[in-house]
Amino acid sequence: MKSCCLIRLSFIGCLGILLCNDTARCLGQTPVESPVTDSKPPKYSFFADVSGYSLNPDDSIATFDDQGSGGAGPGGTFEMTIGQGTKRFSVSLTGRQNGNQFLADLRIKDVTGGADEDLKELSQTLNLTDLQPHVIDIAKDPDGRVYRVKILPRLDEHLQPKKFRLEDLGLDACKFFNSAVILNDQDYIGTIGMTTDSNSVASLGIAGLANIEFSLTEMTDSKPEGVLQFGTISISHDGTLIQIRGVSNGKSLEPLPGPYHVYVRWKASSQTLAEAREMLRAQIATLNAQVEKGEISIPKEALEKIQKMADSDKPFILRTGSRLLMKSEIVTP
């Protein structure tokens with residue numbers, strides 16, 4: 001049975017090897033720096049990913065057998081065993097850097113007591129500087145199964161440390177993925193499907209009720225009438241409660257546990273619910289006429305949804321959106 005382990009060493013020598021073979025290992029990780037022409041550290045370093053496998057080329061999906069993988073950079077050695085039964089081969093690759101060249105000494109040996117004469121030609125020094133892949137066939141069974149080593153050189157980028165900034169997490173941004181909107185803890189009035197991205201002010205227009213702006217950042221002319229807790233925003237204004245469920249925050253898309261203040265600008269709707277319903281009916285009539293003339297194409301389900309909103313005597317969501325919070329709007333301590 002194969003075992004699987006994760007070994008993490010220097011990225012210059014043996015960067016993170018995922019092994020699915022008991023005999024694969026990484027040795028002698030001595031960092032070798034690239035030559036530099038100034039005081040700046042090198043931006044990249046060489047590394048070679050190595051994998052072993054066997055298959056029958058005529059039926060690769062059904063016959064593929066992963067023999068293990070890993071890699072080595074300059075100053076590092078990766079070793080593994082490929083094969084099964086009476087056909088087993090030791091494979092080692094040692095990386096080294098010569099000026100701006102990346103070289104790899106590949107050694108292949110039969111570990112079942114067989115003759116190594118045929119393998120001597122496979123043991124060679126490879127120049128991997130051009131970052132081109134190398135696929136080497138080690139042996140072939142009478143039934144057509146081929147044992148191979150694949151070497152894929154690459155450049156690892158050295159990411160330089162930078163100053164941590166809280167704003168990079170984007171925790172004040174809200175993500176709404178089919179987030180249900182509930183009015184007065186009983187009436188479902190629709191869903192919000194949008195992301196504010198770098199915008200920290202979200203808006204919600206409810207027919208016959210209000211146009212609302214809300215943010216986790218304190219805004220001028222706003223009141224702390226909302227609370228964000230465990231992915232739910234609850235806004236309470238003059239006896240009216242609006243809940244938005246299924247809210248995530250920041251770039252990690254995790255719901256914040258809270259509770260946190262949500263700052264709200266609440267403006268009463270300039271339309272009554274009846275006026276909003278009449279407006280929807282007029283829009284539906286216009287859309288149906290355009291569909292009949294072939295001017296536009298709208299899914300039947302979408303028109304039925306709008307018609308249902310127009311026929312309902314309950315408030316419904318007219319619009320949603322987001323925008324940037326201007327510096328002049330931010331309340332500073």
Checklist line | Residues of the range 121-134 satisfying the condition of being surrounded by 12 or more Cβ atoms within 10 Å (Cβ to Cβ) and modelled with pLDDT under 80 | finding: none
Notebook entry, point to check: Mind checking whether some residue in the range 281-303 is assigned by TED's automatic domain parsing to the domain that holds I182 and at positive phi?
Noted result: yes
Next item on the list: Please find, within the range 58-89, the residue that is surrounded by the fewest Cβ atoms within 10 Å (Cβ to Cβ) out of those that are of a type in the set (A, V, I, L, M) and under 28 Å from the mean Cα position of the chain (by Cα).
Entry: I61
Checklist line | Filter result for A289 (over 22 Å from S203 (Cβ atoms) and in contact (Cβ under 8 Å) with a residue 40 or more places away in the chain) | finding: no
Next item on the list: Pull up the range 249-285, narrow it to residues that are of a type in the set (S, T, N, Q) and either loosely packed, with under 11 Cβ neighbours inside 10 Å or touching a helix residue (DSSP H, G or I) at 6+ places or on another chain (Cβ under 8 Å) (or both), then point me to the one that is farthest from I330 (Cα to Cα).
Entry: Q283
Next item on the list: Could you tell me whether A139 is touching a helix residue (DSSP H, G or I) at 6+ places or on another chain (Cβ under 9 Å), surrounded by 11 or more Cβ atoms within 10 Å (Cβ to Cβ) and either modelled with pLDDT under 90 or part of a strand (DSSP E or B) (or both)?
Entry: yes
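A quick yes/no check of all residues on (1) more than 30 Å from P255 (Cα to Cα); (2) of a type outside the set (A, V, I, L, M, F, W, C); (3) within 30 Å of the chain's Cα centre (by Cα):
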position	(1), (2), (3)
L93	yes, no, no
N100	yes, yes, no
T129	yes, yes, no
K150	yes, yes, yes
A173	no, no, yes
Check: Of all the strands (runs of 3 or more DSSP E) wholly in the range 234-333, which have at least 2 residues that are more than 33 Å from the chain's Cα centre (by Cα) and within 24 Å of E167 (Cβ to Cβ)?
Finding: none
Next item on the list: Answer yes if at least one residue in the range 141-148 is in contact with a Phe, Trp or Tyr (Cβ under 9 Å, 6 or more places away or on another chain) and in the same structural domain as P257 (by TED's automatic domain parsing), and no otherwise.
Entry: no
Next item on the list: Output the qualifying pairs, or none if there are none: Cβ atoms under 6 angstrom, residues six or more apart or on different chains, first residue in the range 145-156 and closer than 12 Å to P133 by Cβ, second residue outside any strand (DSSP E or B) and modelled with pLDDT of 90 or more.
Entry: L152/P133; P153/L128; P153/L131
Notebook entry, point to check: Is at least one residue of the range 143-154 at pLDDT below 90, part of a strand (DSSP E or B), out of contact with any Leu (no Cβ under 6 Å at 6 or more places or on another chain) and hydrophobic (A, V, I, L, M, F, W, C)?
Noted result: no
Notebook entry, point to check: On the given criteria, is T191 closer than 16 Å to G321 by Cα and at pLDDT below 85?
Noted result: no
Margin query: Just the residues that are closer than 30 Å to D185 by Cβ and loosely packed, with under 12 Cβ neighbours inside 10 Å, please, taken from the range 306-330.
Written below: K308, D311, D313, R319
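The values are calculated or read from the model by the stated rules, or taken from the named source; none is laboratory data. Predicted model, so just to flag it, every value in this text is computed and none were measured. With ideal geometry, Cβ positions are generated from the backbone for all residues, glycine too; neighbour counts draw on all protein chains shown.
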